[in-house]
1. Placing unit charges on C-beta atoms (Lys and Arg positive, Asp and Glu negative, everything else neutral), compute the dipole magnitude of the stretch 99-164 about its Cα centre in debye, rounded to 20.
2. Between D91 and E146, 0.36 nm times their residue separation minus their Cα-Cα distance comes to what?
3. ³J(HN,Hα) across the stretch 190-199 via Karplus (A = 6.51, B = -1.76, C = 1.60, θ = phi - 60°), whole Hz, x for Gly/Pro?
4. Quick one: which residues, 5+ away or cross-chain, put their amide H under 5 Å from the amide H of S47? H built at 1.01 Å from N.
5. Between S121 and T60, what FRET efficiency comes out of the Förster formula 1/(1 + (r/R0)^6) with R0 = 41 Å and r the beta carbon distance, rounded to 0.05?
6. State the extension gain, in nm to one decimal, for the chain segment bounded by A36 and E167, taking 0.36 nm per residue of separation less the distance between their alpha-carbons.
7. With θ set to phi - 60° and the Karplus curve 6.51 cos²θ - 1.76 cosθ + 1.60, what are the ³J(HN,Hα) couplings of the stretch 137-146 in order, to the nearest whole Hz, using x for Gly and Pro?
8. Near the amide H of D160, under 5 Å away, which other amide H atoms are found, from residues 5 or more places off or on another chain, if H is placed in the peptide plane?
Amino acid sequence: MNRRVILMTLLKGLSLFGFLALFALDLGCKGSDSIAPVTASFTPSGSASTANLVRLRGTTSGDRVTIDFTLQGPTSTNDLYSFGFDLVLSDPGVVELIPGSTRFGPALDLTGSQQGQILASQSGNRVTIGITKVGGGGGSGVGPTEEVLGSLDFHVVQRDFTEIFIEGTPPHDATALDSSGAIANNIVFDPLPSAINGS
């Protein structure tokens, strides 16, 4: 075999080796990125805590965020029965609602045969929330503390952030109702967004 053939064979081998090395390196980088855990963090809205305010409070564990819907007392009425509102995500690709993660909170006292229900349903960038007593009877209020109306969990699936706004379900406003179904006008919903970040 002449020198030219030997040299070409070596160059081809080196080129193939280099290509395979780069390919393996690229796979390694992609693999390490895909399996690296996402860490979640929550940033509150910064709104001052005032009586009758519904706002979001968050805690995190790994890639999971628990969102509490809280009501600050003392409330102006002791006949609160239901709450309806949407969580609007500025980037719905950052988080996923965990099915079955909703929990009814202690803010609405249950008496007699009453039971508490909380529902959450996501469509696009909106998560519609319904929190209510069922079984008749009267409503309840909150004393001079901040109590949890209900909770749900998100998985953070992307290294990015999304703001979370509390809004009504179109064409309605975010609403609190008393036991007769009338709007509790003194209850207000946080106008400023909270945020979830994945890193």
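Every number here is computed from the coordinates shown, using simple stated rules; none is lab data. As the structure is a prediction and not an experimental result, all values here were calculated from the model. Note that each Cβ is placed from the backbone with ideal geometry, even for glycine, and that neighbours are counted across all protein chains shown.
1. Here the size comes out at about 200 debye.
2. Answer, rounded to one decimal: 17.0 nm.
3. After applying 6.51 cos²θ - 1.76 cosθ + 1.60, I find 3, x, 9, x, 8, 8, 10, 10, x, 9 Hz.
4. Under 5 Å from the amide H of S47 lies no amide H from a residue far enough along the sequence or on another chain.
5. With R0 = 41 Å, the Cβ-Cβ based efficiency is 0.95.
6. Residue separation times 0.36 nm, minus the Cα-Cα distance, leaves 43.7 nm.
7. Those phi angles translate into x, x, x, 8, x, 10, x, x, 9, 9 Hz.
8. Residues meeting the amide H criterion: G198.
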